[in-house]
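Data block below; observations after.
All of the numbers you see were taken from the coordinates with simple rules; none came from a lab. Since this is a predicted model, take the numbers as computed values, not measurements.
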């Protein structure tokens with residue numbers, strides 16, 4: 001896990017552009033998973049999955065918010 005945490009392929013810049021890129025990637029992964037859900041499982045989630053940025057004033061103290 002330590003090695004992955006330092007691998008540039010999995011890191012985003014610590015600025016607004018990096019945060020936007022991370023959110024876009026998370027949304028892409030969720031959309032891809034949901035599009036294949038029916039092929040892998042008998043039941044798929046009916047609830048919407050949403051990824052949102054942690055509010056700026058909470059970033060420094062949020063778990064995983066600032067590394």
* Mean residue ellipticity at 222 nm from the helices of the chain, using -39,500 (n - 2.57) per DSSP H segment of n ≥ 4 over the full residue count, to the nearest 500 deg cm²/dmol? -> -14500 deg cm²/dmol
* Structure fact -> Taking Cα atoms, the helix 16-40 axis meets the longest principal axis of the chain at an angle in degrees (rounded to 10) of 20
* To do: Take the Cα pairs of the stretch 2-58, get the Kirkwood Rh, then feed it into Stokes-Einstein at 25 °C and 0.890 mPa s and tell me D in µm²/s.
  => 180
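So if each residue of separation counts as 0.36 nm, and I subtract the Cα-Cα distance between residue 33 and residue 13, what length gain in nm does that give?
Going from the current span to full extension adds 4.7 nm.
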* In nm, what is the difference between 0.36 nm times the number of residues separating residue 3 and residue 48 and their Cα-Cα distance? -> 12.9 nm
